[in-house]
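Undergrad: Below is the structure I would like to discuss, written out as structure tokens.
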Amino acid sequence: MNDTQLTKLLKDDPQKGFEAVIRQYSAYVMKIAYTRLRDVCTREDIEETVSDVFLKFYYAGNERGFDIPSVKGLLSVIAQRHSTDVFRRMSKSEETLDFNELENIIADTNSADDEETLIEALKQLGETDCNIFIRKYYFGQKNKDIAKELGIPAGTLNSRISRGLEKLRKILEEGKL
């Protein structure tokens with residue numbers, strides 16, 4: 001189906017047209033998002049970005065009554081701009097986690113055996129996440145070096161650290177030891 005046919009379908013039946021656009025261009029939008037975000041995002045984050053792109057496309061097209069010259073062109077622009085925004089947002093948070101944040105988590109436990117409590121909590125995160133935290137917070141390794149040594153993308157590592165800190169905070173607050 002070409003852009004003219006898609007545009008006509010979008011005007012006649014927006015729901016069917018939107019489904020057709022997704023079917024036809026999902027791989028294209030995924031490629032744009034993946035190319036831009038593979039180093040800073042998890043697969044789930046990239047898929048969410050793709051969904052956001054299609055949602056933005058629908059809203060932009062609907063505002064114009066789907067009177068758009070090129071479906072692929074509009075999708076391309078939205079995908080590139082939104083992926084760039086996500087990249088900037090995720091890149092800002094890449095190196096913002098530091099030892100002080102981990103110390104604050106420990107301090108909030110009000111336990112006399114902070115180190116032992118923390119070690120037990122880290123074990124509950126799983127072997128890989130525990131390894132990441134020890135390398136980052138005890139040995140002071142940079143995220144890029146840890147990711148390279150463990151063979152995972154930097155974005156995945158950053159997400160694991162962020163999510164791991166949340167899990168760790170919950171474990172320590174709820175006393176799930």
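Undergrad: Within 10 Å of each residue's Cβ, count the other Cβ atoms and sort Ile132, Ile22 from fewest upward.
TA: By the 10 Å Cβ count, ascending, the order reads Ile22, Ile132.
Undergrad: Could you give me the ³J(HN,Hα) list for the stretch 67-73, computed from phi with Karplus coefficients 6.51, -1.76, 1.60 and θ = phi - 60°, whole Hz, x at Gly and Pro?
TA: 8, 10, x, 8, 5, 4, x
Undergrad: Which parts of the stretch 32-72 would a label at Glu127 reach, counting a residue when its backbone N lies under 17 Å from a point 7 Å out along Cα-to-Cβ?
TA: No residue qualifies, since no backbone N sits under 17 Å from the label point.
Undergrad: If you place +1 on the Cβ of every Lys and Arg, -1 on the Cβ of every Asp and Glu, and leave all else neutral, what size is the dipole of the chain about its Cα centre, to the nearest 20 Debye?
TA: Dipole about the Cα centre, nearest 20: 1100 debye.
Undergrad: Return the lysines within reach of Lys144: Cα separation strictly under 28 angstrom, same-chain partners fewer than 8 residues apart disregarded; answer none if there are no such residues.
TA: In chain and number order, the partners are Lys31, Lys92, Lys123, Lys136, Lys167, Lys170.
Undergrad: Spelling out what I want: for every residue of the stretch 10-25, take phi, set θ = phi - 60°, compute 6.51 cos²θ - 1.76 cosθ + 1.60 (Karplus), and round to whole Hz; glycine and proline get x.
TA: Each residue's phi maps through the Karplus curve to give 5, 6, 6, 9, x, 5, 5, x, 5, 4, 5, 4, 4, 4, 6, 10 Hz.
Undergrad: Moving to a separate point now. List the relative contact order of the chain as a percent without decimals, with contacts defined as Cα pairs under 8 Å and 6+ residues apart.
TA: 26 percent
Undergrad: Only one of the listed values, (i) 9.5; (ii) 12.2; (iii) 10.9, was derived from the coordinates as mean projected area of the Cα convex hull in nm²; which label is it?
TA: Here mean projected area of the Cα convex hull in nm² agrees with entry (ii).
Every number in this text was worked out from the coordinates using simple rules, so none of it is lab data. Being a predicted model, the structure only gives us computed values, none of them experimental. Please note: Cβ atoms are built from the backbone with ideal geometry, for glycine as well, and neighbour counts cover all protein chains shown.
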